1. Give the residue that is surrounded by the fewest Cβ atoms within 10 Å (Cβ to Cβ), with candidates limited to residues of segment 101-142 that are part of a helix (DSSP H, G or I) and of a type in the set (D, E, K, R).
2. Hey, does segment 131-145 have a residue that's within 16 Å of the ligand (Cβ to nearest atom), more than 21 Å from residue 107 (Cβ to Cβ) and aliphatic (A, V, I, L, M)?
3. Limited to segment 6-52, what total is found for residues that are among the hydroxyl-bearing types (Ser, Thr, Tyr) and over 20 Å from residue 133 (Cβ atoms)?
4. Exactly one of (1) outside any loop (DSSP other than H, G, I, E, B); (2) surrounded by fewer than 16 Cβ atoms within 10 Å (Cβ to Cβ); (3) of a type in the set (D, E, K, R) is unmet by residue 220. Its number?
5. Would you check which residues across segment 1-31 are on the phi > 0 side of the Ramachandran plot and assigned to a helix (DSSP H, G or I) and list them?
6. For the subset of segment 35-60 comprising residues that are more than 13 Å from the ligand (Cβ to nearest atom) and assigned to a strand (DSSP E or B), which member is surrounded by the fewest Cβ atoms within 10 Å (Cβ to Cβ)?
7. Give me the residue from segment 1-20 that is closer than 17 Å to residue 186 by Cα and of a type in the set (A, V, I, L, M, F, W, C) and, out of that set, nearest to the ligand (Cβ to nearest atom).
Amino acid sequence: MAAERFDGVALVTGGSRGIGLAIAQRLAADGARVCITARRADALAEALATLPAGRAIAVAGRAEDKAHRLEVLDRVADAFGRVDALVNVVGMNPVFGPVVDVDVEVARKIFEVNVITPLAWVQDVLADERLGFASHGGSVVNLSSVTGRTPSPGIGLYGISKAAVAHLTKTLAVELAPEIRVNAVSPAVVRTVFSRALYDGKEQEVESAYPLGRLGEPEDVAGAVAFLVSRDAAWITGEVLTVDGGLMAAGGVA
Ligand SMILES: NC(=O)c1ccc[n+]([C@@H]2O[C@H](COP(=O)([O-])OP(=O)(O)OC[C@H]3O[C@@H](n4cnc5c(N)ncnc54)[C@H](OP(=O)(O)O)[C@@H]3O)[C@@H](O)[C@H]2O)c1
């Protein structure tokens with residue numbers, strides 16, 4: 001039997017570059033219509049130009065702002081009339097150093113953007129009756145991280161937030177079943193602007209810890225997300241899918 005590719009409507013937050021853009025491109029290539037978001041309108045417009053005309057829209061704004069989320073949902077309702085997949089990609093990691101030294105206001109901000117904001121997107125999409133998210137059998141994919149499983153030196157607070165994303169995913173999966181499936185992907189280091197500091201200048205050394213011999217590419221994560229939102233994953237919910245080139249199996253640390 002052929003793979004059942006996702007061809008519904010996907011809302012991908014943080015879609016102007018990196019993992020989010022690769023997800024939007026992959027889903028569009030599979031036949032989906034997509035909406036991408038990001039803060040910088042110019043980069044977002046460039047990203048939109050890489051997606052199929054007439055099957056993609058972009059809305060600039062901050063994922064954590066309610067007014068932005070409602071504007072996005074208005075635009076998606078007008079353009080596509082539904083949402084079948086919500087992919088919460090936006091995440092931040094503004095500090096490097098021991099958790100005990102982190103300014104608590106910065107810690108609050110990290111939790112707001114990485115944990116509360118994905119929850120808020122789920123709540124807002126669910127509340128919008130125009131989008132039929134529950135009645136169409138929608139699904140959510142969140143971005144966790146292997147740092148949420150094994151503490152990574154210097155990015156501990158980020159890891160704590162990503163552990164919370166994994167638990168949020170499982171909790172929502174139980175609460176929203178059977179109408180809505182909720183899963184997450186948990187990557188190790190994927191080559192993007194966001195993670196550059198983790199491998200810049202020491203790429204071979206970092207790659208040598210990965211059994212598959214290389215860092216991740218955004219497309220590696222996009223493939224896993226494309227599977228999780230597709231009918232092929234119809235009996236999968238509450239799963240946090242590790243996408244790490246074997247790093248965790250080898251006892252490594254991202
Ligand atoms: N790269 C990795 O190694 C890795 C590993 C595990 C998990 N992850 C997770 O994967 C996700 C994406 O990472 P990435 O590496 O692709 O990051 P990235 O290259 O920095 O891309 C982040 C995207 O999100 C947008 N964005 C950031 N903050 C936003 C906000 N507050 N509101 C709206 N849009 C926002 C960015 O555009 P603007 O800056 O214009 O807003 C951009 O489109 C994150 O949740 C990250 O924690 C990444």
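Bear in mind these aren't lab numbers, they're just calculated from the coordinates by the rules spelled out. Everything quoted here is computed from the prediction, not taken from an experiment. Here the Cβ is made from the backbone with ideal geometry for all residues, glycine too, and neighbour counts use every protein chain on show.
1. Step one: list which residues in segment 101-142 are part of a helix (DSSP H, G or I), which gives 101, 104-127, 129-131.
Narrowing further to those that are of a type in the set (D, E, K, R): 101, 105, 108-109, 112, 124, 129-130.
Details: 101: 9, 105: 7, 108: 11, 109: 15, 112: 15, 124: 17, 129: 10, 130: 13.
Looking at the filtered set, the residue picked out is 105.
2. yes
3. Step one: filter segment 6-52 for residues among the hydroxyl-bearing types (Ser, Thr, Tyr), giving 13, 16, 37, 50.
Now restrict to residues that are over 20 Å from residue 133 (Cβ atoms): 16, 50.
Here the count works out to 2.
4. (2)
5. Within segment 1-31, just 18 meets the criteria.
6. 57
7. Filtering segment 1-20 for residues that are closer than 17 Å to residue 186 by Cα and of a type in the set (A, V, I, L, M, F, W, C), the one nearest to the ligand (Cβ to nearest atom) comes out as 19.
The rows are residues; the columns are (1) surrounded by fewer than 21 Cβ atoms within 10 Å (Cβ to Cβ); (2) under 15 Å from residue 118 (Cα atoms); (3) under 16 Å from the mean Cα position of the chain (by Cα); (4) not β-branched (Val, Ile, Thr).
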residue	(1), (2), (3), (4)
168	no, yes, yes, yes
171	yes, yes, no, no
174	yes, no, no, no
179	yes, no, no, yes
183	no, yes, yes, yes
190	no, no, yes, no
193	yes, no, yes, no
200	yes, no, no, yes
208	yes, no, no, yes
